[in-house]
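No lab work stands behind these numbers, since they all come straight from the coordinates. All values derive from a computational prediction rather than experimental measurement. Here Cβ is always computed from backbone atoms with ideal geometry, including for glycine, and neighbour counts include all displayed protein chains.
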Amino acid sequence: MGYQVLARKYRPQRFSDVAGQDHVTRTLLNALTQGRIAHGYIFSGHRGIGKTTIARILASALNCREAIGSEKRPTPEPCNACDSCIEIRQGNAVDVIEIDAATNRGIDEIRELRDAARYSPARDKYKIYILDEAHQITEAAFNALLKTLEEPPAHVVFMMATTEPENIPQTIRSRCQHFSFHAVKFEDILAQLKSIAAAEEVEAEEAALALLAEAGDGSMRDALSIMDQAIASAPLENGKPALAAAQIRDLMGSVPNAVFERLLEAVAQGQSAELMEQLHVLLNAGHSPLSLARQMARYLRNALMAKLGGEQTELLQISADERARAMRTAMLFTEEEITRNLQIVLRTFDDLNYRQEQRFHLELGLLKLIHAQRLLPLEEFLSSVAAGTTPGASARPAPSSAARPTSAPAPGAARSTPAASTPSSAPPLSPFGGSSSGSSAWSTTPTIKQSASAAPAISAPKEPAAEPTRTPMPFLVGAAVPVEAVEEAPTPDPIPAPALRESATASSGETPGVDALRSAVVQALAQGGHQSASTLLSTGNWTLGAGNLKIEVGGLGKKMLTLTVNSAAEKIIRAELQRLNGPARFLVVSGEGVAAGASAAAAPLAGSVQEEALKNPLVQKAKEIFRAEVRSVVDLRAK
């Protein structure tokens, strides 16, 4: 007999040999034991995962001449030794008819099948029809089979294998038992490849077999087909084929994932020139832009799964080395950034399918990854808009001295030097902007000056300067209207970190109390630039349990709470708790009535920014119009 490819040579002959389909094989074995044989089965799922193979094994088990429980057949598995089992394995059994429905899909062929089904088996117990690619059968042909499938003769069993079960009419599916096959796991494919390599006397590196298993993409047959090709191209060492990872990559035309790790490191560092140079080397080596985009999308997906579930998550069907690589890349970005990068690469991949200059579009797509790194987070953008400043202004170059007013304060003197009292001539962002006289009392933004002995007074606006500077204002969480140009007296500098460390960890090695933890965490968040999260947690209810800390905050929904206490803020909290020997776990949840109780119990301090904001006419008007309640005030002027 001529050479047999590995997929046929090592095709399972027993239910126990099938990898990754335990839910199917277990059900069929129980049905054989109990004698609950259905007259119709539908096996659906990914290509190359064992649908037709299990259909043949079930046919052998049904027509096996040995009784279940006998000496030669102690289990429901076929004996694979009797004439029926041998003929079915060789494909020449008279009573097991395997039909390619892709070519025999018309109504005439189905009518012939229906007429032949009425006759009893020639020798075996059942007459079995295996319809491969059953979704190719026409609707008229299915209708011709409908009555026979609903009330077939007792000796007939239909088995339909398909990759597209949704294309089989519901009237057919409702008359059959439907088994949905799973994609084979990476570990199962890798174990099978190792077994076959040992049986074929092939010297294979662990990394090479892992590449073959990953290339199979859940299909055992695909992995075996690529392995067959790799063995044929492998060099001989001591008379045995030797599979190496580099050889497998050359054979498949793929790029090592270490290359994509370096590309994304350049993206994280904003090195556009370095990114283009590395891409230039890849393209000059002959790699297709379409293939590079596909592999990069797959690598980014793995990085995203590592970010979500950690290095050992089951979402990653790759080797241990590749898991570690994906985790290293995931640490360079936030979850939102990886998701955005994956969307950009997928959109670039789609564009490459119908673009002529594929190299240009790939270069443009990768440059977009770096440009996207410069986008402002939504929270920062909204805070800047509410503050009356240009979003991202700190990242832009400063204007020339001729265009900048001489009275504008230096960036470092934002706390101690009052800002220019001249309001901006640009239209205010507030919906209540306008003149301050008569009925249009909300058309001009007032300027509030703080006094130690009197309430803040409202001064009339002066003539606008050429290009005045706006002072950042408090951002109101829970109010829809911003307060502009709020000035306050110099405030004392925050407590330095060493002082906090000494006060929080005064006791030797003991876990600090809730108040110490709250003070340290709130201060660390404020110093890290998370003013919103700092203010929110400072008003929450902190509960210290056995090895865990629960922080209940109010006034925010789940989505807004996630934006405020984001992943960067969580890292600061976790690091501060570890430094203070605090609990290993913490949880920030939204509690009903927490904000209301906190605001009612603690009135704003005299002369504080909270008091200024609540007395501002804009805020009072906003509360009246929107029936709102100001639950938290964040001072962003320090930025």
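Here are some notes:
- Per-pair calculated FRET efficiency, R0 = 35 Å: Arg574 and Arg14 via Cβ, rounded to 0.05: 0.10
- The stretch between Ile97 and Arg374, if pulled fully straight at 0.36 nm per residue, gains 93.4 nm over its current Cα-Cα span.
- Ranking of Lys615, Lys127, Lys558 by count of other Cβ atoms within 10 Å, fewest first: Lys558, Lys615, Lys127
- Total charge dipole magnitude, segment 257-373, about the Cα centre, Cβ charges on Lys, Arg, Asp, Glu only, Debye to nearest 20: 180
- Sum of side-chain charges, Phe142 neighbourhood, beta-carbon under 13 Å (Lys, Arg +1; Asp, Glu -1): +3
- DSSP beta bridges in segment 117-246 [antiparallel fraction, %, rounded to 5]: 20
- Formal net charge of residues neighbouring Val345 (Cβ-Cβ distance under 11 Å; K, R +1; D, E -1): +4
- Dipole magnitude (debye, nearest 20) for segment 1-57, charges at Cβ of Lys, Arg, Asp, Glu: 160
- Note on segment 513-538 and segment 166-221: Cα centroid distance 51 Å, given to the nearest whole angstrom.
- Length gained when the stretch Arg262-Asn548 is fully extended (0.36 nm per residue, less Cα-Cα span): 99.1 nm
- All other residues whose Cβ lies under 14 angstrom from that of Gly545 are scored, Lys and Arg at +1 and Asp and Glu at -1, for a net of +1.
- The residue among Gly239, Gly270, Phe260 whose Cα reaches farthest toward the positive pole of the charge dipole of segment 230-276, with charges on the beta-carbon of Lys, Arg, Asp and Glu, is Gly239.
- Positive-end residue, segment 6-180 charge dipole about Cα centroid, Cβ charges, pick of Val94, His155, Ala31: Ala31
- Gain in span if fully extended, Met331 to Leu563, counting 0.36 nm per residue against the direct Cα distance: 81.6 nm
- Nitroxide proxy distance, nm - points 7 Å out along Cα→Cβ at Ala38 and Ile86: 3.3
- Cross-link pairs exceeding 29 Å between alpha carbons, from the set Lys571/Lys623; Lys185/Lys307; Lys185/Lys571: Lys571/Lys623; Lys185/Lys571.
- Point-charge dipole on Cβ atoms (K/R +1, D/E -1) for segment 220-274, about Cα centre, debye to 20: 140
- Between Gln4 and Gln356, the distance separating the two model label sites (each 7 Å from Cα on the Cα→Cβ line) works out to 5.2 nm.
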